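K.L.:
Quick one: the structure is below, and I'll ask about it shortly.
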Amino acid sequence: MVLAELGGSISRALTRMSSATVVDENVFRECLNEIARALMQADVRFKMVCDLQANIKKSVNLEALATGTNKRRIIETAVGKELCKMLDPGKPAFVPKKGKPNVVMFVGLQGSGKTTTCTKYAHYHQRKGFKPSLVCADTFRAGAFDQLKQNATKAKIPFYGSYMESDPVKIAVEGLEKFRQEKSDLIIIDTSGRHMQEAALFEEMRQVAEATKPDLVIFVMDGSIGQAAFDQAQAFKQSAAVGAVIITKLDGHAKGGGALSAVAATKSPVIFIGTGEHIDEFDVFNVEPFVGRLLGRGDLPGLLDKMESIVPADQQSELVAKLAEGAFTLRLMYEQFQNLLKMGPMGQIFSMLPGFSSELMPKGQEKQSKEKIKRYMTIMDSMTAAELDSKNPKLMTESRILRVARGSGRQVKDVTDMLEEYKRLAKMWSKLNVSKLIPPNGKMSDQAIQKMLKALPPQVVQQMGGKSAFEALVKQMGGGKDMSKMLAAMKGGA
Ligand SMILES: Nc1nc2c(ncn2[C@@H]2O[C@H](COP(=O)(O)OP(=O)(O)OP(=O)(O)O)[C@@H](O)[C@H]2O)c(=O)[nH]1
């Protein structure tokens, strides 16, 4: 996503400024201009960029900058504060409460991703224990009901709609009645979209809202619409009581600056972002971690949460214990590969690490690595339990390699490549001596960090932003618990 590039540009502007010998008005102005250029390239509205620049100028005391030791930090804080202010309208969105008949209505232009997002929103709340339901009040687009029906069936969410009825208000009211009786506590109404903002669309939206009295109206906006975002969001706000925004398609070429514009235009917070077509490609949006990522500060709590969801807490210590025994088996490697695949795009993971940017993962490399991991896993699927659990690398004789190659439909070379990778990882883990490296509850010592640095392949350290970025990361991760969580989820990537 292009937002990562925005983060990279802002970080570079700050680094250039902080490395200047004297920070005078010119250097400061140049830094702000560079940040402004980056924001405009990301489709943030011109007026918003000007306001941001003016506010930062006002809040930074140049004299303090001249004498201050941490110039970067002072400006970074000011930039961060202003970006947060842009994204935080100051009032939180309505949050559905379990057990109450919450009604949420979705509005947006045709093709913005409204129908897909309704299901993602329902699915997200279903996993949180809600009893959601979906009503298709889109009678404008032929096929809208089929799409919602298909999505809802896949996600096992009750739905309501009609092929015959052409009055969206009637369908919305009937759906509402039905699901209220069925005690659904989150009734989601999908409304029609149009190709353009036009009177008929807004009138229909107004009528549906009047008849259903939603607790929350969510405006869904395609993240790639660019500079038109502000006007579009404002037009919707003027016709419906928009209370929250969801930005979709932030996985593609979306520059993302529209998110800032939509907040400004609707005075409503962004609550989720869509990052793909799949039902799970839907993330809660929080302002501070998002801005932190833009400034290259990372999102450690987000990263740790993500890791915890991949390797449950009770399995982390088990994994570290196995590593501490020096028992790095093929099965362990297989499990790590599974974790890696579950982690999602590496670029996204990188952007959560302080000082890193998803730009670090070259385009194309990610796909290749994923394919390689999947290939290795297919090969391991043809191995016996004894082979997977063996601690003896010599067990894999020529005849066994031949058998595995035949069984998995791969070349002998693919099997030997996989075994080489295994040996490399096993060697790395034995060098790391996990039990000494991470005391059960204590922090890693400087000595242990240096040891870890030596054991990791140089290209991994480089990918992680270099030696000092790695040291800072490990220190920031603090105690052994967080480190083991990180190791448990990431060790396969080495
Ligand atoms: N890549 C990507 N595609 C998305 C995302 N959200 C939705 N889409 C895709 O965008 C297209 C349009 O989505 P819909 O949900 O049909 O759009 P809509 O706004 O409901 O359209 P109408 O019902 O015609 O108003 C579909 O192909 C979706 O799969 C997203 O976050 N990322």
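K.L.:
Would you confirm, using the coordinates I've provided, whether K100 is within 16 Å of the ligand (Cβ to nearest atom), out of contact with any Ser or Thr (no Cβ under 6 Å at 6 or more places or on another chain) and under 27 Å from S162 (Cα atoms)?
P.N.:
The answer is no for K100.
K.L.:
Separate question: With within 27 Å of K249 (Cβ to Cβ) and at pLDDT 80 or above as the only criterion, which of R12, R29, R45 stands out?
P.N.:
Criteria check complete, one pass: R45.
K.L.:
In the stretch 172-183, how many residues are open to solvent by less than 80 Å² (accessible area, probe 1.4 Å) and over 35 Å from the mean Cα position of the chain (by Cα)?
P.N.:
Number of matching residues: 3.
K.L.:
Also, quick follow-up: When you go through F130, F106, F145, F159 one by one, which is the residue that is under 28 Å from R45 (Cβ atoms) and aromatic (F, W, Y)?
P.N.:
F106
K.L.:
So, in the stretch 222-266, exactly how many residues are part of a loop (DSSP other than H, G, I, E, B), within 13 Å of the ligand (Cβ to nearest atom) and within 16 Å of the chain's Cα centre (by Cα)?
P.N.:
Number satisfying all stated conditions: 8.
K.L.:
Name the residues in the stretch 111-137 that are away from the ligand (no atom under 16 Å from the Cβ) and crowded, with 24+ Cβ neighbours inside 10 Å, would you?
P.N.:
Correct list: P132, S133.
K.L.:
Checking L186 against (1) within 12 Å of the ligand (Cβ to nearest atom); (2) in contact with a Pro (Cβ under 7 Å, 6 or more places away or on another chain), which test does it fail?
P.N.:
The number of the failed condition is (1).
K.L.:
Here is a further query. Looking at G143, G108, which one is touching a Ser or Thr at 6+ places or on another chain (Cβ under 9 Å) and within 15 Å of the ligand (Cβ to nearest atom)?
P.N.:
Every option except G108 fails the conditions.
K.L.:
I want to confirm something. Restricting to the stretch 267-282 and keeping residues that are among the small types (G, A, S) and crowded, with 20+ Cβ neighbours inside 10 Å, which single residue is farthest from the ligand (Cβ to nearest atom)?
P.N.:
So, considering only residues that are among the small types (G, A, S) and crowded, with 20+ Cβ neighbours inside 10 Å, the one farthest from the ligand (Cβ to nearest atom) is S268.
K.L.:
Please enumerate the residues belonging to the stretch 157-183 that are hydrophobic (A, V, I, L, M, F, W, C), away from the ligand (no atom under 16 Å from the Cβ), touching a residue at least 24 places away in the same chain (Cβ under 8 Å) and out of contact with any Pro (no Cβ under 8 Å at 6 or more places or on another chain).
P.N.:
Listed by number, the residues that qualify are V169, V173, L176.
K.L.:
Would it be correct to say that V95 is more than 13 Å from the ligand (Cβ to nearest atom), open to solvent by less than 40 Å² (accessible area, probe 1.4 Å) and hydrophobic (A, V, I, L, M, F, W, C)?
P.N.:
no
K.L.:
Taking the stretch 183-203, which residues are of a type outside the set (S, T, Y) and in contact with a strand residue (DSSP E or B) (Cβ under 7 Å, 6 or more places away or on another chain)?
P.N.:
Of everything in the stretch 183-203, those that are of a type outside the set (S, T, Y) and in contact with a strand residue (DSSP E or B) (Cβ under 7 Å, 6 or more places away or on another chain) turn out to be D185, L186, I187, I188, I189, D190.
K.L.:
Here is a follow-up. Give the stretch 391-429 a look and list any residue that's exposed (fewer than 12 other Cβ atoms within 10 Å of the Cβ) and of a type in the set (S, T, N, Q), or say none.
P.N.:
Correct list: N392, T397, S399, Q411.
K.L.:
Okay, moving on. Search the stretch 204-217 for residues being in contact with a Ser or Thr (Cβ under 8 Å, 6 or more places away or on another chain) and within 16 Å of the ligand (Cβ to nearest atom), and hand back the single one that is most open to solvent (accessible area, probe 1.4 Å).
P.N.:
So the residue we want is E204.
Yes or no, residue by residue, for (1) under 24 Å from T139 (Cβ atoms); (2) open to solvent by less than 10 Å² (accessible area, probe 1.4 Å); (3) not hydroxyl-bearing (S, T, Y):
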{"position": "T191", "(1), (2), (3)": "yes, yes, no"}
{"position": "H195", "(1), (2), (3)": "yes, no, yes"}
{"position": "E198", "(1), (2), (3)": "yes, no, yes"}
{"position": "F219", "(1), (2), (3)": "yes, yes, yes"}
{"position": "G223", "(1), (2), (3)": "no, yes, yes"}
{"position": "Q232", "(1), (2), (3)": "yes, no, yes"}
{"position": "A241", "(1), (2), (3)": "yes, no, yes"}
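The values are calculated or read from the model by the stated rules, or taken from the named source; none is laboratory data. Not measured: the values here are computed from a predicted model. Don't worry about glycine lacking a Cβ; one is built from the backbone with ideal geometry, like all the others, and counts go over all protein chains shown. All accessible areas refer to the heavy atoms of the entire protein, side chains included, with ligands and DNA or RNA removed. Shrake-Rupley method; radii C 1.70, N 1.55, O 1.52, S 1.80 Å.
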